[in-house]
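Coordinate-derived values only; no laboratory data. The model shown is predicted, which means the values in this text are computed figures rather than measured ones. With ideal geometry, Cβ positions are generated from the backbone for all residues, glycine too; neighbour counts draw on all protein chains shown.
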């Protein structure tokens, strides 16, 4: 037999759930981080944005977040924002120039006496 909650207990639990969703902001960088999370629709990573706001320029971060939020073709706005902030994003339309590994034929190895296969001199 399940024990039911009284009306007061249910109201109290509902009030606690409501409070848990509200944020308690004490410093400006916390507010900035929460604004960035809301702009990007990424409340799950709000602590990351708060940390960024503490370490970097709030004005610059908000500018980037607003720019990213306005892009309709970006699915993962939080990831795109982080790529821009950390400098790992490629400009649109730019192809990767370097390969992650050099072509095998250009490597000098012990098998071919340290000479390149392309340049047999």
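Restricted to the range 38-47, and to residues there that are part of a helix (DSSP H, G or I) and in contact (Cβ under 8 Å) with a residue 24 or more places away in the chain, the residue that is surrounded by the fewest Cβ atoms within 10 Å (Cβ to Cβ) is 45. The set of residues from the range 72-92 being surrounded by 11 or more Cβ atoms within 10 Å (Cβ to Cβ) and not in a helix (DSSP H, G or I) comprises 74, 76, 89. Listed by first and then second residue, the pairs with beta-carbon distance under 6 Å, at least 6 apart or on different chains, first residue in the range 19-30 and outside any helix (DSSP H, G or I), second surrounded by 11 or more Cβ atoms within 10 Å (Cβ to Cβ), are 23/34; 25/31.
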